[in-house]
Structure formats: structure tokens, C-alpha cells
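Scroll down for the structure; my scribbles are underneath it.
The values are calculated or read from the model by the stated rules, or taken from the named source; none is laboratory data. Keep in mind the model is a prediction, meaning the values are calculated, not measured. Don't worry about glycine lacking a Cβ; one is built from the backbone with ideal geometry, like all the others, and counts go over all protein chains shown. Ligands, DNA and RNA are excluded from the accessible area calculation, which covers all protein heavy atoms including side chains. Shrake-Rupley method; radii C 1.70, N 1.55, O 1.52, S 1.80 Å.
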Amino acid sequence: MSRNADIHSLEIKRSYLGSSLFGWLCAAATYICIAVLVGLLVTVLVNGVPWLSWTLLTSFPSRDPAKAGVLPALAGSLWLIGITALVSIPTGVGAAVYLEEYANSSWWRKLVQLNISNLAGVPSIVYGILGLGLFVRAMSLERSVIAGALTLTLVVLPIVILSTQEALRAVPSTIRQASYALGATRWQTVWLQVLPAALPGVMTGVILAIARALGEAAPLVAVGAVAFVAFVPQSLGDEFSALPLQIFNWAERPQEEFHGLASAAIVVLLAVLILLNTGAVLVRAKYGRRIKW
Amino acid sequence: MTQGGPLATQRFAFVAVCVLGAAVGCGPRAQSIKIDGSSTVYPISEAVAESFRGVRPDIRVTVGLSGTGGGMKKFTAGEIDICDASRGIKDSEVEALTEAEVPFTEFSVAFDGIAVVVHPENDWVDSLTVEQLASIWRPLDDAPVKKWNELNPAWPDEEIKLYGPGTDSGTFEYFTEAIVGEAKSCRSDFAASEDDNVLVTSVSEDKYSLGYFGFAYYAENTGKLKLLGVAQGEAEPVQPSVEAIRDNSYAPLSRPLFIYVRNDLLNRPAGAEFVEFYLDKAGEMAAEVGYVAVSDDVAAENLKKYQKALAK
């Protein structure tokens with residue numbers, strides 16, 4: 001307490017113009033970000049809320065704005081993120097555990113690490129073209145839910161790996177040493193101590209990844225997701241649409257009514273995102289509390 | 001510290017449930033008809049597909065919008081049954097289709113006009129000739145006209161602010177070919193947007209602007225824009241209208257929209273039914289989504305082509 005006060009008084013003495021200016025600039029940056037975000041949200045809500053209705057959620061796209069809905073796009077998006085999560089979480093977490101807990105520090109590991117970091121910055125359309133060549137054509141999965149989901153997995157995998165690695169690194173090495181000292185094997189240490197301790201961090205990464213997958217349109221267009229489907233995908237082999245594509249499609253129309261629908265679809269997309277985030281926060285709260293060092 | 005046992009079990013259960021969920025529902029695939037291609041033609045195909053669902057809900061029709069060029073590639077690769085196109089098929093594409101042994105039939109399903117527009121407060125210009133438009137839009141190497149008073153000394157000494165669709169769009173390709181004389185030959189210093197609504201807003205906010213885009217976008221925003229007539233050579237300028245676009249008197253900026261159909265689609269029971277339904281409804285749907293229905297002659301021609309393809 002007293003030490004804090006000392007530092008505080010010291011700072012008052014050294015309060016130069018530059019220092020406070022820097023503080024103001026940082027504050028300004030924060031408020032600009034918030035203002036932009038609030039502006040966007042308000043615009044979307046004002047335009048979209050009048051169009052929000054049960055019809056919107058339960059109908060197929062239509063040329064008549066009053067009857068148009070996002071059902072196939074919403075279902076398509078849920079399929080996509082579900083399968084993307086299913087594939088990318090085990091693979092991504094597995095790769096991160098290997099790199100952090102098992103792999104020896106070698107030039108090979110450094111090379112892999114460097115590549116993963118670079119892959120996280122590759123524009124998603126590049127993955128889309130890769131997905132078109134690999135999944136749609138070479139593996140002849142056609143324009144199916146599974147081809148779309150695997151392409152999105154490629155997009156988000158680097159994010160899952162990198163954030164999981166960060167989370168694993170944040171687990172104190174004393175935990176591992178204590179576990180080994182008690183005679184635990186490496187498997188027991190990783191599975192029972194390190195991974196549970198890293199879970200909140202892993203969840204953050206997973207949520208970021210899923211949010212990214214939910215918002216991506218470009219790679220889906222490349223693999224051939226369609227804008228109009230008059231059915232809800234029922235299996236991995238079905239064709240699909242996705243919310244971002246539906247939004248894009250409506251926003252492009254000449255008729256004003258479709259622009260309102262586009263905003264309403266954005267509200268739906270945001271709602272899905274918020275629900276997912278809430279889920280992750282709950283998981284983190286539940287498992288985060290158990291861990292006390 | 002964490003209790004490992006129960007947590008691990010929970011996690012296994014979660015994964016198992018997810019895998020089970022994914023495996024369920026891999027049933028037999030329903031009959032489907034796949035359409036892709038131009039985003040300009042998309043609204044018509046979407047409207048037809050939507051109506052067809054009322055007649056045959058068991059047939060799954062999907063419509064994509066990957067652009068005329070992208071659609072043609074998929075059409076050639078055999079990934080889709082019908083390709084929407086906002087321009088006629090190119091020789092190179094015909095070659096590729098012949099090589100891939102994909103016999104196809106072309107149907108003209110609607111007409112679209114390209115509207116040339118200015119700011120509503122622009123009181124000096126009511127129409128432009130094709131030559132004037134060409135002098136404005138030609139490539140920078142050919143020294144295009146930059147200011148309004150270069151076209152007519154009585155007009156303001158202000159730069160013409162140009163707005164047009166992005167270089168990937170079929171509208172851009174058609175406009176440059178019809179006006180400048182060569183597809184994609186155009187000055188590069190205009191403000192481009194893939195979204196025609198952005199063009200509408202931009203033109204309506206800039207007094208010295210000049211822009212072009214699909215007629216439907218003008219029709220939805222008549223209050224915000226001033227429509228120009230276009231004159232060919234010495235002829236009287238023509239303003240685009242439903243009639244002028246349909247009978248092609250709004251030349252050279254009225255263009256036909258096409259669908260290309262794989263002939264073997266017609267051998268599938270639902271395929272022939274769908275194509276017939278499309279041709280039957282195209283006129284009505286085109287008008288409903290903002291395009292111009294084809295004339296009766298063209299509709300009759302379509303039907304003849306359809307019968308011919310069916311007979312094979």
C-alpha cells in the first residue's frame with residue numbers, strides 16, 4: 001500500500017507533458033474503437049430489428065422480402081461451425097500439445113512453428129482455393145457441407161494451435177515437475193494436469209476460431225457454397241449455404257427491403273456468436289475456478 | 001488441483017456425442033439440380049427455383065453466384081447443370097465444353113439495360129453519345145476526357161467523377177465492349193465497387209459524378225439519380241425503359257441474360273420439367289425482380305430450342 005503511494009507520488013513529480021499526452025492518445029484510441037463498434041451495432045440494429053421475425057428464422061430465401069428467411073443459411077452455418085470445431089479442436093490441440101510437451105527443440109520443430117505462425121496470416125481465400133482443389137475436386141467431396149467445413153478447418157487450425165500453445169506455456173513448469181515427482185507418466189501429466197489447467201486459454205482460442213469460421217464467406221464461395229438452397233442440409237454430403245453468403249447476397253440487391261433483411265441476418269449472426277461466446281465463458285468459469293495454485 | 005477422473009470422462013462423453021451426431025443423417029441423396037454463375041442472373045434463377053419448390057418440393061434446386069466466368073468453369077467441369085450468364089458464351093468456353101464433350105443449349109431468359117446516370121442537380125446534360133461516353137471511359141493511354149467542359153465548352157469546368165462496377169463484373173465487361181469497343185479496355189482511375197448500391201450512393205452524393213450500373217438499381221432509386229439518354233452516332237438519344245431495353249432500341253447498352261443448360265439434364269425426369277418450368281416462368285420472374293422479360297419471339301425461339309434439345 002505504502003509502496004504504491006510512493007510510486008504514485010514519484011509519478012506526480014515526473015508528470016511530463018509527453019507522458020500525459022501519451023495517456024490521452026491511448027484513451028482516444030480506445031474511445032474511437034468503441035465509437036466505431038457502437039456506431040456499427042446501432043446502424044445494424046436500427047435497420048435490422050424491424051425485419052426480425054419468426055418468419056425470418058423459419059423460412060427459405062424468397063424473392064418476396066416479406067416471406068424471405070435465413071433458415072437454410074443458419075442451419076448451414078451451424079453445420080459448418082459444428083464440424084469445423086469437431087475436426088479442428090482435436091487436431092489443433094493435439095498439434096499444440098505435441099509441439100509444446102513432446103517435441104524436442106530442434107530445427108525441425110522451429111520450422112514447423114514458423115510455418116504455423118505464417119499460416120495464421122494467410123488470406124482465407126487462399127485456403128478456399130486450396131479447399132476447391134483438394135476437397136471438392138481431388139477428394140471429390142463436391143460442394144458439400146463436409147468440403148466447406150474442412151476448408152474452414154484449414155482457415156482456423158493455425159489459430160487453435162497458436163492459442164493452445166500460448167495456454168500450455170502459461171501453465172507453470174512446477175506443475176509438470178510436481179506431477180513427475182509423484183511418479184506420473186508424461187501422458188498422465190499432460191492429460192490430467194497440464195490440459196485441464198490450460199483449458200480456459202484453449203477455450204478462448206477455440207471461440208476465436210469458431211467466430212472466425214462463422215464469419216468467413218470468401219473461402220466458402222471458392223469451394224462453391226450456394227446462395228439459394230431450398231432445403232436444410234441433412235447430411236455431410238448435402239449442399240449448403242451460410243449466413244455471410246446470405247447477407248452478402250441480400251445487401252447486393254437493388255431493392256431497399258433486402259437491405260433491411262441483410263441487417264436482420266447480421267443480427268442473427270451476432271446472436272449466434274454471442275450465444276457461443278457465452279457458452280465459452282461459462283465453461284471457463286466452471287473449470288477455471290477449480291484450479292488453484 | 002483439478003480432479004482428473006470425472007473431467008476426463010465428461011470430455012470423452014462429449015466427443016462421443018458429437019461424433020454420433022455427425023454420423024446420423026447420412027441418408028440417400030435426393031434428386032438435385034445445380035445452378036451457378038452470374039450474380040446478375042441470380043435473382044431470376046432464385047425466383048424460379050423458389051416457385052419450382054411449390055410444384056416439386058422433392059427436387060432440390062440450388063443456385064450459386066460465383067460469376068459468369070466462374071460458373072462457366074464449373075459448368076465445363078460438370079459440377080453444375082445450369083450456368084447463369086450475363087454475357088454470351090465465349091469461343092474459348094465453347095471450345096472447352098466441346099473438348100469436355102458437354103453438349104449444351106443456350107436460352108435467353110431476360111434483358112437488362114445498363115443505366116448511365118448523373119447527380120439529380122446536374123442540369124447541363126440530358127444525354128450523351130456513345131462516342132462521348134467512349135472518350136470519357138477509354139484507357140488512360142488514349143488520353144480520356146477529364147472535365148465536363150472538354151465535352152461541351154458550356155458545361156462546368158469541373159472534373160468528371162467516375163463510378164462504375166468492378167473489373168470482375170459482367171456489367172463492366174459488357175459496358176467496355178459496347179462503349180470503348182474492347183472488353184475490359186477502360187481507364188483505371190475511376191471509383192469501382194462490386195456493390196451497385198455503393199455506386200448509387202456515390203453518384204447521388206457527388207454533383208459532378210457520372211456512373212453506370214444495371215437498370216434495376218436505377219429503377220429502385222429514381223429520386224436520387226438522373227438518368228441519361230444514350231445516342232448512337234447521329235441518332236436521337238434513347239432513355240432506357242422496359243420497352244426500349246426489350247426491343248433493343250436502347251442500343252448498345254441493353255443486353256440479353258442467358259442460361260446455359262447441359263443437354264443431359266433434360267434426360268433426367270425432373271430436369272426436363274425444371275427447364276420447361278424455367279422457360280415458362282422466366283418472363284414473369286424477370287419482371288418481378290427488376291429485369292425486362294424477353295419478347296414473345298424470343299420466348300418462342302427458346303421453346304423451339306428446348307424441343308430440339310429434348311428430341312436428341
Scope the stretch A:210-256; condition among the charged types (D, E, K, R) and facing chain B (nearest Cβ under 10 Å); matching residues: A:Asp238, A:Glu239, A:Glu252, A:Arg253, A:Glu256
Does A:Leu114 fit the bill of being in contact with a Gly (Cβ under 6 Å, 6 or more places away or on another chain), away from chain B (no Cβ under 14 Å) and closer than 30 Å to A:Gln193 by Cβ? no
When you go through (1) open to solvent by less than 10 Å² (accessible area, probe 1.4 Å); (2) outside the structural domain of B:Phe75 (by TED's automatic domain parsing); (3) more than 21 Å from the chain's Cα centre (by Cα) one by one for B:Tyr306, which number turns out not to apply? (2)
Report, by residue number, each residue of the stretch B:180-200 that is under 18 Å from the mean Cα position of the chain (by Cα), more than 14 Å from chain A (Cβ to nearest Cβ) and more than 21 Å from B:Gly37 (Cβ to Cβ). B:Ala192
For the stretch A:96-108 the number of residues that are open to solvent by 50 Å² or more (accessible area, probe 1.4 Å) and part of a helix (DSSP H, G or I) is 4
If you take the residues in the stretch B:31-78 that are in a loop (DSSP other than H, G, I, E, B) and among the aliphatic types (A, V, I, L, M), which one is farthest from the chain's Cα centre (by Cα)? B:Ile59
Scanning the stretch B:208-249 for residues that are among the hydrophobic types (A, V, I, L, M, F, W, C) and more than 14 Å from chain A (Cβ to nearest Cβ) gives B:Leu210, B:Leu227, B:Leu228, B:Val230, B:Ala231, B:Ala235, B:Val238, B:Val242, B:Ala244, B:Ile245
Looking at the stretch B:82-160, what helices (runs of 4 or more DSSP H) fall wholly within it and have at least 1 residues that are among the small types (Gly, Ala, Ser)? B:91-99, B:130-137
Would you tally the residues in the stretch B:158-170 being more than 17 Å from the chain's Cα centre (by Cα) and open to solvent by less than 20 Å² (accessible area, probe 1.4 Å)? 2
Mind telling me which of the residues A:Val145, A:Val112 ends up being among the aliphatic types (A, V, I, L, M), at pLDDT 90 or above, farther than 15 Å from A:Gly205 by Cβ and buried (at least 22 other Cβ atoms within 10 Å of the Cβ)? A:Val145
Go over the candidates A:Leu245, A:Leu236 one by one and state the one that is assigned by TED's automatic domain parsing to the domain that holds A:Pro65, touching a residue at least 60 places away in the same chain (Cβ under 8 Å) and closer than 27 Å to A:Gly260 by Cβ. A:Leu245
Flagged in the stretch B:79-122 as open to solvent by 10 Å² or more (accessible area, probe 1.4 Å) and of a type in the set (A, V, I, L, M, F, W, C), in numbering order, are B:Ile89, B:Val94, B:Ala96, B:Ala100, B:Val102, B:Phe104, B:Phe111
Filtering the stretch A:42-89 for residues that are under 21 Å from B:Phe52 (Cα atoms) and either in contact with a Gly (Cβ under 7 Å, 6 or more places away or on another chain) or surrounded by 18 or more Cβ atoms within 10 Å (Cβ to Cβ) (or both) leaves a count of 14
